Amino acid sequence: MKNIALIGFMGAGKSTVAAILAEKTHRTLVETDGEILSVSEFSSVNAIFDKRGENYFRTLEQNVIAEIVKRDNQVISCGGGVISSKESMELLKKHAKVIFLHASFEAIKARLKHTDTRPLFRQEEKAMLLYANRLPIYEGFADVTIDTDDKTPEEIVQLIIDKYSNER
């Protein structure tokens, strides 16, 4: 069975939705950031960026995705920046149905306001610019777009299941 890959900006709900979707569809859950950490000597994505930079992270990410897509029947929750790598996205497009979980910037800001694990949101203007730049790229790679504003994770999962089963 083909994989399902979730893409979207941080705070769009990818991890939460992926866990529920994997359970409901009896698929294996794969978090790309977790897989990247398991093959690196670092304990966090931030540490990789701080010590080795984004290019190193994207290389790890591409290598991890190349391994992940060799298996079927998975829900793959991708990091928000996976779209930065055309190679990674081509692998996902070839081996998965790519679902873009779209959330407005205001919804993301509200979801992340009580967390300090997202240092990007300490500089809201930069975050807003990154969001605006990434939005058309997410849309361009998506097979399906699901708006996550004002929906529970369970409602989002049901929309994905309905859409996926209709497009087999």
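Laboratory data are not the source of any read-out in this text; all were calculated from the coordinates shown. From a predicted model like this one, the values you see are computed outputs, not experimental measurements. Reconstructed Cβ throughout: ideal geometry from the backbone, glycine too, with neighbour counts over all protein chains shown.
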**Study point:** Sequence-distant residues sharing a close amide H with D147 (under 5 Å, placed H)
**Key:** H102
Practice item. Report, ordered by chain and residue number, the lysines lying within cross-link reach of K70, taken as a straight Cα distance under 26 Å and ignoring same-chain residues fewer than 8 apart. Key: K2, K14, K24, K86, K93, K94, K97, K163
Revision key, fill the gap. Counting only residues 5 or more apart in sequence or on a different chain, those whose built amide H sits under 5 Å from that of K97 are N3, I4, A5
Point to revise | Dipole magnitude (debye, nearest 20) for the stretch 36-168, charges at Cβ of Lys, Arg, Asp, Glu | key: 320 debye
Study note, to complete from the structure: Full extension between Y56 and A19 adds, at 0.36 nm per residue less the Cα distance, a length in nm of 10.6 nm
Review point. Once you have the alpha carbon radius of gyration of the stretch 1-92, what is it after dividing by 2.2 N^0.38 Å, with N set to its residue count?
Key: 1.04
Review point. Hey, what did the chain get for relative contact order, percent, Cα under 8 Å, at least 6 apart?
Key: 34 percent
Revision key, fill the gap. So, with points 7 Å from each Cα along the Cβ direction, the E124-H26 label distance in nm works out to 4.7 nm
